[in-house]
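Report on the structure given below.
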Amino acid sequence: MRILPRSAFARTVALIAMLLLINQVVSYVMVGVYVVKPTMQQISSVVSKQVQGIIVLDQWLSSHEMSALEKRSLAESYTQAVGIDGFSEPEAIANGLDQATTYNFLSNQMSQQLAANTEVRISQQGVYYVWIRTESLAGYWLRVELETFDEARFSPLLFYLFLIGALSVLGGMLFTNWQNKPLKSLEAAALQVGRGDYPEALPERGSTEVIAVTKAFNQMAQGVRQLEQDRVLLMAGVSHDLRTPLTRIRLATEMMPPSEDSLAEGIISDIEDMNAIIDQFIDYVRLDTLADSDCENLNYLIEDVVGHVPESWHAKIDVRYGEIPKIPVRAISIKRVLLNLLENAERYGGDRIAIETGYNTSLQHVWITVSDNGEGIAAGQIEHVLQPFTQGDKARASKGSGLGLAIVKRIVERHGGRISFGRSQKLGGLAVRFELPSAKPE
């Protein structure tokens, strides 16, 4: 299981997120050290001086002869003036001591400044209170009201840091996606070239590196298109030039005397085979695109092809039609696929051919299977026989040009489909299955 991102987009976002995380941690530490810590030290210093004043007042009252009423009045006047309230333990609990949070940092600071073991708690009940208990005033809790400290002074630092980080990552994602748009267009164009289609030249935009790659791709696509056109022109010219002498040979053969009928029939048969091979050459090099495709129901195409097979075929064809939708295909090309598969099954199979159709709703693919009861093709020979001008070791060593399955593979792939080979469970021979998408490939 891979954890690290693989795409350039994901890696860029991960890099931005990591840098922001490091930045946020450093910012948090810096704010804590240079902002929060000095502020807390100032708070503890101010409060400790006020507490020291209370302690000094308590010592002074203890050393002077005054009535209890006078001492109490003087203590209340002082505490009211400095904003400090004194509570016993039960009174402190009743006034919200239990909801206060202990701050060890402030406790240590106050203990050092008061030279006595001191505990500091902070609570918020509309306003902020600092609760202090020190050994110098045993049995009492002092509460200092921080009226100048509103909620903004205690703003949630983590929330702001997270918000800044999230906005930065989002901005980085949008920027990276914008940067990768030319690469996505380049990927789509490369897939089109792989299918045999040649898109218009891509616009040169993006970074300098992407522009350089786009320029190189446009030049490559133009070169591949020119090579394909030259090959088509060459093969068409060669095929046309070959048909002329073949036609003359056939005319000469038909004018041979009756005593040479057996020889003439052999020559004519060879000429027909050569014409068929030339037709296969032309079919293979023909530019087969989806530009002129129409929505067709493949069941009707199968019915048309099966209805026009030669009467000389000895194999019996059984067709089982499934419920399939119309899909965008080039009807002539799909008929060529079906005819080539049927010819292979007739030539190399047994006496039975089965055709089945169906629709895969999850993948949205229409599939067609052509099976026979022949010997089939060994698994190790499948990739070999799909190559142009190649034949199997046994059944295909004597007949054909070796382009039948190559043409089938070429047409199916240009329609955005795929072809597979297997063993027929019903007939026991070769089962060729090809699938075509129900939507036009982008």
**Study point:** Cβ-Cβ FRET estimate between residue 386 and residue 17, R0 fixed at 41 Å, reported to 0.05
**Key:** 0.35
Point to revise | Estimated distance in nm for a label pair at residue 94 and residue 224, the labels positioned 7 Å out from Cα along Cα-to-Cβ | key: 8.8
Check your understanding: Averaged per residue, what accessible surface does the range 174-254 expose to a 1.4 Å probe, in Å²?
Key -> 67
Check your understanding: What FRET efficiency comes out for the pair residue 78/residue 102, r = Cβ-Cβ distance, R0 = 35 Å, nearest 0.05?
Key -> 0.85
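Ranked from highest to lowest mean number of other Cβ atoms within 10 Å per residue, what is the order of the peptides 329-341, 19-31, 254-266?
329-341, 19-31, 254-266
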Review point. Which links in 326/409; 184/215; 181/326; 335/409; 184/326 stretch past 23 Å when you go from one Cα to the other?
Key: 181/326; 184/326
Practice item. Specify the inter-centroid distance of the range 320-345 and the range 405-429, based on alpha-carbon positions, in whole Å. Key: 11
Check your understanding: What whole number of Å gives the distance from the Cα centroid of the range 114-140 to the Cα centroid of the range 52-68?
Key -> 20
Check your understanding: On the accessible surface of the range 191-232, probed at 1.4 Å, how many percent belong to carbon and sulfur atoms?
Key -> 58
Check your understanding: So, by mean Cβ neighbours within 10 angstrom, what's the order for 132-142, 363-373 with the highest one leading?
Key -> 363-373, 132-142
Point to revise | Approximate spin-label separation residue 272-residue 66, in nm, with each point projected 7 Å along Cα-to-Cβ | key: 13.4
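For residue 192 and residue 321, compute 0.36 nm times the residue count separating them, minus their Cα-Cα distance, and round to one decimal in nm.
Difference between extended and current length: 43.3 nm.
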Practice item. May I ask you to compute the full-extension gain from residue 112 to residue 238, defined as 0.36 nm times their residue separation minus their alpha-carbon distance, rounded to one decimal in nm? Key: 35.0 nm
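Where only protein heavy atoms count, and the probe is 1.4 Å, what is the accessible area per residue for the range 319-381 in Å²?
About 47 Å² of surface per residue is accessible.
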Point to revise | residue 424 long-range amide H proximity, modeled H, under 5 Å | key: 429, 430, 431
Practice item. Compute the FRET efficiency between residue 167 and residue 360 as 1/(1 + (r/R0)^6), taking r as their Cβ-Cβ distance and R0 = 41 Å, and round to the nearest 0.05. Key: 0.40
**Study point:** Distance in nm between pseudo-label sites at residue 25 and residue 347 (7 Å out along the Cβ direction from Cα)
**Key:** 6.9
Check your understanding: What list of ³J(HN,Hα) couplings, whole Hz, do you get for the range 96-110 from phi and the Karplus terms 6.51, -1.76, 1.60, once you set θ to phi - 60° and write x for glycine and proline?
Key -> x, 5, 5, 8, 7, 10, 6, 10, 5, 4, 5, 5, 5, 4, 5
Check your understanding: Using alpha-carbon positions, what is the distance between the centroids of the range 297-316 and the range 232-270, in Å?
Key -> 29
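The values are calculated or read from the model by the stated rules, or taken from the named source; none is laboratory data. Quantities reported herein were computed from a predicted structural model and do not represent experimental measurements. Backbone-built Cβ (ideal geometry, glycine too); neighbour counts: all protein chains shown. These accessible areas exclude ligands, DNA and RNA; they are computed on the full protein's heavy atoms, side chains included. Shrake-Rupley method; radii C 1.70, N 1.55, O 1.52, S 1.80 Å.
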